[in-house]
Amino acid sequence: MKPDNPLLKILACPLDKGPLILDESGGALYNPRLRRRYPIVDGIPQLLPSSGVQAVEEGPAVENEHDVSAGLSDSAGRDRA
């Protein structure tokens, strides 16, 4: 998968539904919040929860512009009221 692929803007982690980022090799999508990597096999991201593996090393930095998880706690509190 190439870094300019438009799918990267809409793909989400199957566990926390947050954004994923492409690792440097282009062979996996990375969730920095859960430190999980999802492999890309033959150009197809494997986004089943069981496909993810816990990352041992540090992943790439997260760009805040695509991180939608920041506003979740605020909206969740209002829904419970």
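The values are calculated or read from the model by the stated rules, or taken from the named source; none is laboratory data. Everything numeric in this text was worked out from a predicted model, so none of it was measured. Don't worry about glycine lacking a Cβ; one is built from the backbone with ideal geometry, like all the others, and counts go over all protein chains shown.
Of everything in the stretch 18-43 that is over 8 Å from the mean Cα position of the chain (by Cα) and of a type in the set (G, A, S), the residue that is surrounded by the most Cβ atoms within 10 Å (Cβ to Cβ) is A28. Residue check: V62 meets all listed conditions (1) modelled with pLDDT of 80 or more; (2) surrounded by 10 or more Cβ atoms within 10 Å (Cβ to Cβ) but one, namely (1). Inspection of the stretch 12-30 finds no residue satisfying the criterion of being in contact with a Phe, Trp or Tyr (Cβ under 9 Å, 6 or more places away or on another chain), at pLDDT below 75 and of a type outside the set (F, W, Y). Here is the figure for the stretch 32-47: residues that are in a strand (DSSP E or B) and without any contact (Cβ under 8 Å) to a residue 24 or more places away in the chain total 5.
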